[in-house]
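S.K.: So that we are looking at the same thing, I have put the structure below in structure tokens.
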Amino acid sequence: MMRAATVKTPGPAESLEIAEVPDAAPAEGELSIEVQFAGVGFVDTLFRAGAFGLPTPFVPGIEVTGRVRELGAGVTGFAVGQPVGALLNDFGRGARAGGYAEIAVAHASMAIPLPEDADLARIAGVLVNGVTAWMALHDLARLRVDDDVLVLGASGGLGGVLSRLAAVHPARRVIGVVGSEAKRASAADACTDVIVGADLIPALDALTDGRGVDVVIDPVGGELRAQAFERLAPFGRLLVLGNASGQDRALSGDAAFYGTRQVMGFSLGGVAHLVPHQVRTALSAVVGLTHRGVLREPAPSVVPLDDVAEVHRALENRSAPPKTVLAVRA
């Protein structure tokens, strides 16, 4: 038996219960991992609350680091005891997740070996956001060195990684959008300019001399999405990566046509099982950049597994640090 944070009935943070459950074992093409750290993201709170209708009991957690426990049939390229990082959000293969547990199971195409001296806590905190950001910028936006990039929600976990990765690429300019003056400093390290959302249109017009930007990265939605879409330069690309505002504003097809603009969406969990090579490429890139200190991700807050409900509450009331990971094993 193993310890895990489980959700038997979807609901508030108190729905998370630390319980003893049967050990997880790998099937063909999978490997099991003795989890040391599990990343926590806002999407986990949605899983817990039942937003996606996943079968229960359910163990949240879609990014982990630890050591290989067991290899399923047909798995090569890994060795028992080897440090690894893995994504557990390939939901197209069926219900996955399971990171908030002492043992997790990942498909081999969603895992990558790690250096022995890797900072497992830091890497656990960057896996999902980093892979999402890499694939969005490289596979969809096809970021160029002369691009101006606008990142909505730049002070958040995903927005922060997107800003830092765009700067590393490098884009010509990375303009971050934050919700208030109080959040400006938290985005300043990765962005050439920071705008408060309420001032988006005049501030962006002043920064770009009315030209607009080449790429908009949007995990926020709502009115900011609509305004940013209208400030895309010709051949500009809007990438929709989420809807934290909960407001899905309609965009005009005619405006896309007349303005020569593109709108693209990307859900890693929805397509990961269909593009395993691209996922592995992104994993390798993000882990390598983080391990070498090129992608300067801040150290995450590390809390015990027993405090997972408190972490979920902080995420929901917007008081959480940019990234938190659970220390699953002492």
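The values are calculated or read from the model by the stated rules, or taken from the named source; none is laboratory data. Keep in mind the model is a prediction, meaning the values are calculated, not measured. FYI the Cβ positions are ideal-geometry reconstructions off the backbone, even for glycines, and counts take in every protein chain you see. Quick note on the areas: whole protein, heavy atoms, side chains included, nothing else; ligands and nucleic acids left out. Shrake-Rupley method; radii C 1.70, N 1.55, O 1.52, S 1.80 Å.
S.K.: Evaluate the following for residue 274: is it open to solvent by 20 Å² or more (accessible area, probe 1.4 Å), among the hydrophobic types (A, V, I, L, M, F, W, C) and at pLDDT 90 or above?
M.R.: Against the criterion (open to solvent by 20 Å² or more (accessible area, probe 1.4 Å), among the hydrophobic types (A, V, I, L, M, F, W, C) and at pLDDT 90 or above), residue 274 qualifies.
S.K.: Give segment 215-227 a look and list any residue that's in contact with a strand residue (DSSP E or B) (Cβ under 6 Å, 6 or more places away or on another chain) and within 21 Å of residue 134 (Cα to Cα), or say none.
M.R.: 215, 216, 217, 218, 220, 225
S.K.: Something else: Taking the residues in segment 191-208 that are touching a residue at least 40 places away in the same chain (Cβ under 8 Å) and within 23 Å of the chain's Cα centre (by Cα) as candidates, determine which candidate is surrounded by the most Cβ atoms within 10 Å (Cβ to Cβ).
M.R.: 191
S.K.: Residue under question is residue 16, and the condition is that it be closer than 22 Å to residue 299 by Cα, of a type outside the set (Gly, Ala, Ser), in contact (Cβ under 8 Å) with a residue 60 or more places away in the chain and in contact with a helix residue (DSSP H, G or I) (Cβ under 6 Å, 6 or more places away or on another chain); does it hold?
M.R.: So residue 16 fails the test.
S.K.: I've got another one for you. Filtering segment 277-330 down to residues that are of a type in the set (D, E, K, R) and buried (at least 21 other Cβ atoms within 10 Å of the Cβ), which residue is modelled with the highest pLDDT?
M.R.: Per the criteria, the residue is 323.
S.K.: Have a look at 229, 235, 257 and point out the one that is of a type in the set (A, V, I, L, M, F, W, C) and at positive phi.
M.R.: It is 235.
S.K.: Here are 211, 231, 225: which of them is open to solvent by less than 30 Å² (accessible area, probe 1.4 Å) and either touching a Cys at 6+ places or on another chain (Cβ under 9 Å) or not hydrophobic (A, V, I, L, M, F, W, C) (or both)?
M.R.: 225
S.K.: Taking segment 78-94 as the search range and keeping residues that are surrounded by fewer than 21 Cβ atoms within 10 Å (Cβ to Cβ) and at pLDDT 95 or above, which one is nearest to residue 328 (Cα to Cα)?
M.R.: Step by step, filter segment 78-94, then rank; the result is 83.
S.K.: Search segment 246-274 for residues that are closer than 30 Å to residue 94 by Cβ and pair each with any residue that is among the acidic types (Asp, Glu) when their beta-carbon atoms are under 8 Å apart and the residues are at least 6 apart or on different chains.
M.R.: 269/90; 272/90; 273/90
S.K.: From 184, 164, 172, which residue is open to solvent by 10 Å² or more (accessible area, probe 1.4 Å) and over 22 Å from the mean Cα position of the chain (by Cα)?
M.R.: Just one listed residue meets the conditions, 172.
S.K.: A further question follows. Here's a check for you: in segment 28-49, which residue that is over 22 Å from residue 157 (Cα atoms) and open to solvent by less than 50 Å² (accessible area, probe 1.4 Å) is nearest to the chain's Cα centre (by Cα)?
M.R.: Filtering segment 28-49 for residues that are over 22 Å from residue 157 (Cα atoms) and open to solvent by less than 50 Å² (accessible area, probe 1.4 Å), the one nearest to the chain's Cα centre (by Cα) comes out as 33.
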